[in-house]
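No value in this document is a laboratory result; all are computed from the given coordinates. What you see is a predicted model, and the numbers here were worked out from it, not measured in a lab. Here Cβ is always computed from backbone atoms with ideal geometry, including for glycine, and neighbour counts include all displayed protein chains.
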Amino acid sequence: MTDSTPRWFHRRGDLARDGWESVVDAQLPGWQHTGLRVAELSDGETLALDDRGEERLVVPLSGRFEVVVVDGDGDGERRTVALAGRASVFDGPTDVLYAGAGSTIEVSGSGRVAVASSPTEERFPTRHVAASETPVELRGAGASSRQVHNFGTPDGLDAARFIVCEVITPASNWSSYPPHKHDEHVDGVESRLEEIYYFESAPTRGAPASVDADAAFGLFSTSSSPAGDIEIDAQVRSGDIALVPFGYHGPAVAAPGYDLYYLNVMAGPDAERIWRITDDPRHAWVRDDWATAGVDARLPYTTEGSTR
């Protein structure tokens, strides 16, 4: 692999830049439609994003934050939005803040925070989405049950380009399954979207306090499609990032004893902001089993049920 060959999987900290733990943007070879920044802040720390040519979604992963937003081209309204956040990504949905193109933001607080982005000149108004407004979906069934927070999807947010959501997969369950792709435009069937996966993992609810949280892990896989060659077969831990420019992706598997979380950021060249997928035809049949299997009784994950 040469320095110019795209890398599609990155360990925590591999993409550190400008005070951020991880930065995904168009500076990475082969990447152009989506962005993600992740940071761990302490009280008194602030990180600013001044590029007005992108829309952003601020997502507290753990902790509380304040976001200063300046709308317009330097002479717009300056407002401060408090994000209540949450104790961890496994405690149900959080409130989030959408800042449209043409605005700048400053993020301060204490905890871990992610900022999803997509380059665009189309402007939508700033919006604070409360946790209670977030559409929560229990997807799949049986061992394929998972919990999806759709705070940045077309059903949950008006935006220009990106689609942003997060998924909780309980210990031993599979998600992003069956493997699927969205790398070619087929009217009414499939849309073109590159995708970012940001992972976290933790001992499952009820695990002994003595369990080493740093040992928590899951598995993630991708495979090639006619749109391009890609192969990721990785053990994923908190802070790791997978990039999916094309190809079939999934499963994302939570190891027994450990819950798995991922934040997805998607956008592409198509004018329509919509998520349409094509299952890997070799594995599409497994969806038929969902009709007779119930949703995992451990779901939904909420703050009330947390022992963290």
* Under-5 Å amide H pairs with Thr126, H placed in peptide plane, nonlocal only -> Gly100
* To do: Would you mind classifying the stretch 119-242 by shape? Square roots of the alpha carbon gyration tensor eigenvalues, ordered a ≥ b ≥ c; an a/c under 1.5 is rounded, otherwise it is prolate if a/b is larger than b/c and oblate if not.
  => oblate
* Based on the alpha-carbon gyration tensor of the stretch 199-280 and its eigenvalue square roots a ≥ b ≥ c, which shape applies: rounded if a/c is under 1.5, prolate if not and a/b is larger than b/c, or oblate? -> prolate
* **Over the stretch 73-114, equivalent-ellipsoid semi-axes from the Cα gyration tensor in Å** => 25, 10, 9
* To do: Let me know the Rg and Dmax you get for the stretch 170-308 when you use only its Cα atoms, in Å.
  => 16.4, 52
* **the stretch 203-251: C-alpha pair distances exceeding 18 Å, %** => 44 percent
* Compute the Cα gyration tensor for the stretch 31-146, then decide on rounded, prolate or oblate, letting a ≥ b ≥ c be the square roots of its eigenvalues: rounded whenever a/c is under 1.5, prolate when a/b is larger than b/c in the other cases, and oblate in all that remain. => prolate
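So, counting K/R as plus one and D/E as minus one, what does the shell of residues with Cβ under 14 Å around Arg17 add up to? Write down the numbers at each step before the final one.
On the way: positive: Arg12, Arg37; negative: Asp14, Asp18, Glu21, Asp25, Asp51.
Charge balance near Arg17 sits at -3.
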* Asked: What is the sum of charges around Asp183, taking Lys and Arg as +1, Asp and Glu as -1, for the other residues whose C-beta is under 10 Å from the C-beta of Asp183?
  -> -2
* Going 7 Å from the Cα of Asp43 in the Cα-to-Cβ direction, what parts of the stretch 73-115 have a backbone nitrogen less than 20 Å from that spot? -> 81-88, 107-113
* Structure fact -> the chain, Gaussian network, Cα under 10 Å: of Glu55, Glu195, Glu66, the residue fluctuating most is Glu66
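Starting from the Cα coordinates of the stretch 22-92, work out the convex hull volume and express it per residue in Å³.
Working: hull volume 8.9 nm³, N = 71.
About 125 Å³ per residue, rounded to a whole number.
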* Asked: Using a simple spin-label model with points 7 Å from Cα along the Cα→Cβ vector, what separation in nm is obtained for Arg282 and Leu28?
  -> 2.6 nm
* Asked: What list of ³J(HN,Hα) couplings, whole Hz, do you get for the stretch 195-210 from phi and the Karplus terms 6.51, -1.76, 1.60, once you set θ to phi - 60° and write x for glycine and proline?
  -> 9, 10, 10, 10, 10, 9, 9, 7, x, 5, 4, x, 5, x, 4, 6
